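What follows is a short report on a single structure.
What follows draws every value from the coordinates through simple rules; no lab data is involved. As the structure is a prediction and not an experimental result, all values here were calculated from the model. Heads up, the Cβs are rebuilt from the backbone with ideal geometry, glycines too, and the neighbour counts pull from every protein chain shown.
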């Protein structure tokens, strides 16, 4: 199940795209975050910017915003923040799926080991029973064949 894009994710994507396209860092006082958050509550722009700062995709240096090297790599590789999030989720679900698959393999290996051990025990028991019953069977066969 895919998560819906949130308004904050939309603002984050816009911020990163603008910072990627512009050669000069933006001033925090220029109101560019407010302009990108138009149509959303004012605090959404601040939240989006703070989250980008915490994620290490954007840096604030002496009142100017710019992308970090990680932010540049994200935009260059994925094109926008939304694709980056999809890739993160896909990677996370892949790890979960791999863990489940590993646990299934372990369970089937354990079951297989039990079945192999049971097979060995049954084979040994059959051999012992065969050896112990060989003499009485020979006597019975000799008795049956002697009457003929």
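Go ahead and set up a Gaussian network model of the chain, Cα springs under 10 Å, then flag whichever of 27, 112, 123 fluctuates most.
Per the Cα network of the chain with a 10 Å cutoff, 123 tops the list.
Given the options 72, 114, 20, which has the most mean-square fluctuation in a GNM of the chain, springs set between C-alpha atoms less than 10 angstrom apart?
114
Where the centre of each part is set by its Cα atoms, how far does the stretch 44-78 sit from the stretch 116-137, in angstrom?
Using only Cα atoms to place each centre, the spacing works out to 73 Å.
Percent relative contact order of the stretch 7-97, based on C-alpha pairs within less than 8 angstrom and at least six residues apart?
On the way: 92 pairs, mean separation 29.9, N = 91.
Result for the stretch 7-97 is 33 percent.
What does the highest-first list of 92-98, 13-19 look like by mean Cβ count within 10 Å?
Details: 92-98: 10.0, 13-19: 20.7.
Packing order, densest peptide first, comes out as 13-19, 92-98.
Return the calculated 222 nm mean residue ellipticity for the chain, to the nearest 500 deg cm²/dmol, obtained by summing -39500 (n - 2.57) across DSSP H runs with n ≥ 4 and dividing by the residue count.
On the way: 5 runs with 110 residues, N = 148.
My calculation for the chain gives -26000 deg cm²/dmol from helical runs alone.
For the chain, what ratio Rg/Rh do Cα atoms give with a Kirkwood hydrodynamic radius?
Details: Rg = 35.5 Å, Rh = 21.1 Å.
Rg/Rh for the chain comes to 1.68.
State the three equivalent ellipsoid semi-axes of the stretch 88-148, derived from the C-alpha gyration tensor as the square roots of 5 times its eigenvalues, in descending order and whole Å.
Numbers: eigenvalues 651, 17, 3 Å².
Working from the Cα gyration tensor, I get semi-axes of 57, 9, 4 Å.
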